[in-house]
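A.B. asks: Questions regarding the structure given below will be posed in turn.
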Amino acid sequence: LVGPNGAGKSTTMKILTTYLYPTSGHAVVGGHSVLTNPIEVRKRIGYLPEVLPLYLNMEVRTYLDFVGRARGLTGARLTERVEWVLDKCGLRPMYRKLIQELSKGYRQRTGLAQALIHDPDVVILDEPTSGLDPHQILEIRSLIRELSEDKTVLLSTHILQEVEAMADRIIIINRGSIVGDGTLNELREKAQERERSHIGVSSKHDGALSAIEDVDGVETVEKVEKKDKYDIYEVTAAPGRRIWRDLGNIAAEKGWTLCELGEKPYSLEETFLALTERQSLEERKGA
């Protein structure tokens with residue numbers, strides 16, 4: 001789930017985890033309704049909320065043992081799961097420390113460990129890498145990808161790099177509504193109404209800009225970068241036109257030294273902005 005602050009990401013997660021009762025609508029998790037069978041939903045989910053559910057006066061291992069018992073684990077199975085989360089969440093060096101003595105990053109890891117202690121089918125993570133240093137972020141990303149091999153992992157973030165690194169399905173929420181749902185490429189196609197290409201030609205070709213402007217279907221041309229021996233132009237085509245092949249043809253006709261040529265798809269940031277701004281524009285028109 002991706003969206004600006006206040007978009008509804010945490011509220012959606014609280015409904016899915018039965019923490020909040022919805023005013024309307026319906027949700028099913030693991031085959032069970034959050035409205036009519038919330039206990040069964042809770043058995044099947046692990047939840048890392050934005051505000052960590054930690055008891056600061058407990059040691060890490062004692063806390064995880066407590067959470068495991070609350071989840072119905074006992075004996076060898078409890079020991080096995082505590083050992084697993086200590087290793088997977090990188091908490092082994094801190095397991096005898098009081099939680100109140102931990103850094104923000106290690107508290108975040110402890111919160112993630114409690115969400116995984118009972119080996120849930122569905123893992124719901126609200127900003128799972130918040131407060132972690134770059135090395136820790138890479139470790140948590142790796143763990144999340146590992147979990148996703150046999151579990152459903154739903155995570156929220158407003159850090160778009162996290163989405164590109166981890167998600168194979170993206171839902172963009174803005175002001176309580178879904179404005180995009182699909183893979184990154186699918187969302188790019190939805191957001192990018194016009195093809196955008198780039199072409200790099202030798203700087204000695206002074207008339208390149210005007211020649212590109214004359215290509216049929218070209219809407220805008222802008223020189224966006226000057227490299228050592230060539231210039232890069234960004235070209236936007238009319239809706240429905242694929243222009244980059246025509247750019248290659250004009251380069252051949254003019255005898256230009258062609259250094260770069262290709263489509264330039266939207267970045268995730270541009271996709272996000274295009275879809276959310278489009279919703280705002282449609283709302284203003286409706287009003």
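A.B. asks: Arrange the residues Asp150, Asp133 by how much accessible surface each exposes, largest first, with a 1.4 angstrom probe.
C.D. replies: Asp150, Asp133
A.B. asks: Given the protein chains as shown and a 1.4 Å probe, how many square angstrom of Arg109 are accessible, to the nearest 10?
C.D. replies: Only protein atoms counted, so the area is about 20 Å².
A.B. asks: Considering amide H positions built from the backbone, and no H for Pro or chain starts, which residues 5 or more places from Gly46, or on another chain, come under 5 Å of its amide H?
C.D. replies: Placed amide hydrogens put Val122, Val123, Ile124 under 5 Å from Gly46.
A.B. asks: How about the range 210-243: which trypsin sites (Lys or Arg not before Pro) there are in a DSSP loop, with at most 12 other Cβ atoms within 10 Å of their Cβ? Before the final figure, lay out each step's value.
C.D. replies: On the way: sites: Lys223, Lys226, Lys227, Lys229, Arg241, Arg242; in loops: Lys227, Lys229, Arg241, Arg242.
Within the range 210-243, the qualifying trypsin sites (Lys or Arg not before Pro) (loop, at most 12 other Cβ atoms within 10 Å) are Lys227, Lys229, Arg242.
A.B. asks: Same structure, new question: Starting from the Cα of Thr257, step 7 Å toward the Cβ, then list every residue of the range 203-221 with an amide N under 11 Å from that point.
C.D. replies: Answer for the range 203-221: 203-205.
A.B. asks: Kindly provide the helix-only [θ] at 222 nm of the chain, computed as the sum of -39,500 (n - 2.57) over DSSP H runs of four or more divided by all residues, to the nearest 500 deg cm²/dmol?
C.D. replies: When only DSSP H runs of four or more count, the value is -12500 deg cm²/dmol.
A.B. asks: Could I ask something else about it? Of all beta bridges DSSP finds with both residues in the chain, what is the antiparallel percent, to the nearest 5? Could you put the intermediate results ahead of the total?
C.D. replies: Numbers: 27 of 38 bridges.
Once the DSSP bridges in the chain are tallied, antiparallel ones form about 70 percent.
A.B. asks: Kindly write out, for the range 220-227 in residue order, the coupling ³J(HN,Hα) from the Karplus curve 6.51 cos²θ - 1.76 cosθ + 1.60 (θ = phi - 60°), rounded to whole Hz, with x marking Gly and Pro.
C.D. replies: 9, 9, 9, 7, 9, 7, 10, 9
A.B. asks: Note the angle between two axes, namely the Cα long axis of helix 134-147 and the longest principal axis of the Cα atoms of the chain, as a number of degrees from 0 to 90, rounded to the nearest 10.
C.D. replies: 80
A.B. asks: Taking DSSP loops as anything outside H, G, I, E and B, show the longest stretch in the chain free of GluC sites (Glu not before Pro) there with at most 12 other beta carbons within 10 Å.
C.D. replies: 1-148
A.B. asks: Once phi is turned into ³J(HN,Hα) by the Karplus curve 6.51 cos²θ - 1.76 cosθ + 1.60 with θ = phi - 60°, what whole-Hz value does each residue of the range 174-185 show in order, with x for glycine and proline?
C.D. replies: 9, 6, x, 10, 7, 10, x, 8, x, 6, 4, 5
A.B. asks: Would you mind working out the accessible area per residue for the chain, using a 1.4 Å probe, and quoting it in Å²?
C.D. replies: About 54 Å² of surface per residue is accessible.
A.B. asks: Report the extension gain between Thr220 and Arg241 in nm, rounded to one decimal, defined as 0.36 nm multiplied by the number of residues separating them, less their alpha carbon distance.
C.D. replies: Between Thr220 and Arg241, full extension yields an extra 6.3 nm.
A.B. asks: While we're looking at this one, here's another question. Taking all protein chains in place and a 1.4 Å probe, what share, in percent, of the accessible surface of the chain do carbon and sulfur account for?
C.D. replies: 48
A.B. asks: Going by amide H atoms built from the backbone, whose H comes under 5 Å of the H on Asn174, apart from near neighbours?
C.D. replies: So Asn174 has HN proximity to Val179.
A.B. asks: Can you list the equivalent-ellipsoid semi-axes of the chain, largest first and in whole Å, using the square root of 5 times each Cα gyration tensor eigenvalue?
C.D. replies: With the √(5λ) rule applied to the chain, the semi-axes are 49, 23, 15 Å.
A.B. asks: May I ask for the angle, rounded to the nearest 10°, between helix 75-88 and the longest principal axis of the chain, with both axes built from Cα atoms and the value confined to 0 to 90°?
C.D. replies: 30
A.B. asks: What ³J(HN,Hα) values, in whole Hz, does the Karplus curve 6.51 cos²θ - 1.76 cosθ + 1.60 give for the range 106-117 when θ = phi - 60°, with x put for Gly and Pro?
C.D. replies: With the stated coefficients, the range 106-117 comes to 6, 5, 4, 5, 5, x, 5, 4, 5, 6, 9, 4 Hz.
A.B. asks: In the range 245-280, which residues have a backbone nitrogen under 20 Å from the label point lying 7 Å from Lys227's Cα in the Cα-to-Cβ direction?
C.D. replies: Label zone hits: 245-267.
The values are calculated or read from the model by the stated rules, or taken from the named source; none is laboratory data. What you are looking at is a predicted structure, and each value in this text was computed from that prediction instead of being measured. All Cβ positions, even for glycine, are placed from backbone atoms using ideal geometry, and neighbour counts span all protein chains on display. Heads up: the accessible areas ignore ligands, DNA and RNA and are worked out on the full protein's heavy atoms, side chains in. Shrake-Rupley method; radii C 1.70, N 1.55, O 1.52, S 1.80 Å.
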